[in-house]
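Asks: Quick one: the structure is below, questions incoming.
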Amino acid sequence: MSNQYSEDHVSRKLSALGLLILYWDLDNLIVVQEEATVVGFEVPRSPDSSYNNAYPGNEDEVRDPPSVPPHLQHSLLSYPASADTSETLPLPQNVILNHLYIENREAPRSVVALGFTHRFHSKFVTVVLYKPVQRRGSTST
């Protein structure tokens, strides 16, 4: 396959630093629908059928969401609270770092705890946000 544009439409010059500079001859530049193209380098139109994706069916909505892997259920928020403040929590697993967690609640409470754990050098930092829970059927102003 030969390149018909190599000598006819390109001029080569060396700069003062010895760099090769290629200049395109723009006499063969054509404008089609405000898009600049060079003769011989037109991009073929993609078929309209490639943009017509089918909408997902209702069968995707009736399926239950996938279950959480068991190792993601052991966040620092799931450990029971201790009265001893000097007791340290276990080191978090690598798979739970940089994830947002919500505490497991068996009984309804007026607040919910959200937690996020990340590593800083050899230390682990956990940020816990306590947010009031709006009861169903009630409105707040």
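Asks: What ranking do Glu59, Glu103 get, fewest neighbouring Cβ atoms within 10 angstrom at the top?
Replies: Arranged by neighbour count, lowest to highest, Glu59, Glu103 become Glu59, Glu103.
Asks: Which of Ile102, Ile21 has the fewest other C-beta atoms within 10 Å, and how do the rest follow up to the most? Each step should come with its number before you reach the end.
Replies: Working: Ile102 12, Ile21 9.
Going from least to most buried by this count: Ile21, Ile102.
Asks: Further question: Under a point spin-label approximation (7 Å from Cα along Cα-to-Cβ), what is the Leu22-Leu89 distance to one decimal in nm?
Replies: Spacing of the two 7 Å Cα→Cβ label points: 5.8 nm.
Asks: Under the Karplus relation 6.51 cos²θ - 1.76 cosθ + 1.60, θ = phi - 60°, what is the ordered set of whole-Hz ³J(HN,Hα) values for segment 60-67, x standing for Gly and Pro?
Replies: Karplus-based 3J(HN,Hα) across segment 60-67 equals 6, 7, 7, 6, 6, x, x, 6 Hz.
Asks: Another one. Going by how many other beta carbons lie within 10 Å of each one, how would you line up Tyr51, Tyr23, fewest first?
Replies: Least crowded to most crowded, the residues run Tyr51, Tyr23.
Values in this text are rule-based calculations from the coordinates and carry no lab data. Treat the numbers as computed from the prediction; the structure is a model and nothing was measured. Methodologically, a virtual Cβ is constructed for each residue, glycine included, from the backbone with ideal geometry; neighbour enumeration extends over all protein chains shown.
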